[in-house]
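All remarks here apply to the structure that follows.
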Amino acid sequence: MKRWLALVTAALGLFACEPVSEPPALDPVPPVSDANRLHLAGDEAATPLFRHLADHFSARRPGPPVVIESPLGARGALRALEDAAIDAALIVTPHAGVADAPGGQGIPIAVTRVTLVTGAASSFRQIAPDALQALLRGDSPVDGTSRTLLLAGGDDPAQRALAQVSPALEAAFDEAVATRRWPVFFEGQALRDAVRRTPGALAVTDTGTLRMLAMPLWQVRVTPAPGYDDRLVLRLAVPGSPRPRLLEFIEFLRGPEGQALIADVGYALP
């Protein structure tokens, strides 16, 4: 019996001393360095579409993702691009006078149109430029309907394009913003929310933003005037030596996949 116990004890000792093999370590997935990501920013009117396109590109083309930052405005984005703080600037320019607009020499990606919007489901669906000018001055509408204009501050591309209908209308917009005759908003979302809440309110936006954000607003058409071009061009301003991933993104935007995505959400192609 003693001999048997000794043998069992020895066997258990050998088993206990044998090292337990660890499972092989898995190679960690390297995180995407922030330096490898593409950072784009610019006009608020360009952000919804480019975010939609960037999401599809990042999902379909392996590599560092494209990040669309919070809006900086055209001038802020161009300064950030000059300082190499972003990889490309998202710029929206009136179709007319593109060469004089900030970022006007950027790559055209999509086209949208200027429109007035209201939150009220009424029969008011059209306004003439002279009637809009009178509203900007604070005159009562000829039909006696109470209306409120909600204006965009800063360098809003849609409002700037609409103001180009005539020098008199441009001056009326500038005066209304400067004197705060009507409420002025510096963020597009705050402006759109105010339109929905304010009975009889009118504001300037573009048809592409309306579709992308699925906003429950009704369009009010501005009666065409001689020489008025209501088109806005969404552009991509790039540095002199774009990174390879940015060139791949541009190729995607201008290729069949990108063009189909742009058309599917209601934008026109340049």
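General observations
- Net length available on complete extension from residue 180 to residue 134 is 15.0 nm, with 0.36 nm assigned per residue and the Cα-Cα distance removed.
- Remark: spin-label model distance residue 260-residue 36 equals 2.8 nm, labels positioned 7 Å along the Cα→Cβ axis.
- Estimated at 0.36 nm per residue, the fully extended path between residue 107 and residue 269 surpasses their Cα-Cα distance by 57.1 nm.
- Distances between placed amide hydrogens fall under 5 Å for residue 110 paired with 234, all partners being 5 or more residues away or on another chain.
- Semi-axis lengths (Å, descending) of the ellipsoid that matches the C-alpha gyration tensor of segment 113-222: 19, 16, 13
Values quoted throughout were computed directly from the atomic coordinates according to the rules given, and no laboratory measurement underlies them. Quick caveat, the model's predicted, so the values are computed rather than measured. Here Cβ is always computed from backbone atoms with ideal geometry, including for glycine, and neighbour counts include all displayed protein chains.
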